[in-house]
Amino acid sequence: MQNIAYSRTLSEIEKFAIGNNLLINNYTYVRNSNTILRLLKLAIKVVFCYNMIMKVFTYTVIFEKAQEGGYIAYVPVLPGCSTQGETFEEAKENAKDAIAGYLEILQEDGDEIPVESEEHVAATVAVPVKV
C-alpha cells in the first residue's frame with residue numbers, strides 16, 4: 001500500500017513538472033516562487049513516503065576463511081544465502097548484496113521476510129577426539 005503512495009506521488013510530481021513546463025530535455029527550470037514552493041511540497045511528500053516504505057533488517061552473517069584464500073559468507077536464517085570475497089571487506093559487501101537480492105525475491109514471490117531474533121550467542125568449542 002505504501003509503495004502505491006510513493007509511486008503515485010512521484011507521478012504527481014512528474015505531471016506537475018511537465019504541466020508547468022519545468023522539465024525540458026532533462027533540464028529543470030522554474031517560472032516563479034509559487035511554483036517552486038508547490039514543487040518542494042510535492043518533493044517533501046515523496047521523501048516522506050519513501051522513508052515510510054524502507055525497513056532495515058539485520059542478519060547474522062558467518063564468515064569462514066576459504067582454503068583457496070578469501071572468505072565464504074553465509075546467512076543461517078536465510079537458507080541458501082551465501083557468497084564469497086577475496087578479502088573480508090569484499091565478502092561483507094557481497095553478503096549485503098546477497099541478502100538484499102534474497103529478500104527482494106522473497107517479496108516478489110509474496111513470501112514473508114524472516115526476522116532474526118535480536119539475541120545471539122556464538123562460541124567456538126573444543127572437542128577432544130581420539131585419533
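Okay, here's what the table says:
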| quantity | calculated |
| --- | --- |
| Set of aspartates and glutamates with alpha-carbon distance to Lys55 below 15 Å, sequence-local pairs under 8 removed | Glu104, Glu112, Glu116 |
| Surrounding net charge for Ala66, when Lys and Arg each add one and Asp and Glu each subtract one, Cβ distance under 13 Å | -3 |
| Loop GluC sites (Glu not before Pro), the range 89-119, which have at most 14 other Cβ atoms in a 10 Å radius of their Cβ (DSSP) | Glu112, Glu116, Glu118, Glu119 |
| Under 5 Å, built H, 5+ apart or other chain: amide partners of Ala66 | Tyr71, Ile72 |
| Karplus-derived HN-Hα couplings along the range 107-123 (A = 6.51, B = -1.76, C = 1.60, θ = phi - 60°), whole Hz, x at Gly and Pro | 5, 4, 7, x, 8, 6, 7, x, 10, 8, 5, 7, 9, 9, 10, 10, 8 |
| Which of Ile72, Ile62 has the fewest Cβ neighbours within 10 Å, and the rest in rising order | Ile62, Ile72 |
| Least to most buried among Lys65, Lys130, Lys92, Lys55 (fewest other Cβ within 10 Å first) | Lys130, Lys55, Lys65, Lys92 |
| Per-residue Cβ neighbour rank within 10 angstrom, fewest leading, Ser117, Ser82 | Ser117, Ser82 |
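Values in this text are rule-based calculations from the coordinates and carry no lab data. For clarity, every value in this text was computed on a predicted model and none was experimentally measured. Backbone-built Cβ (ideal geometry, glycine too); neighbour counts: all protein chains shown.
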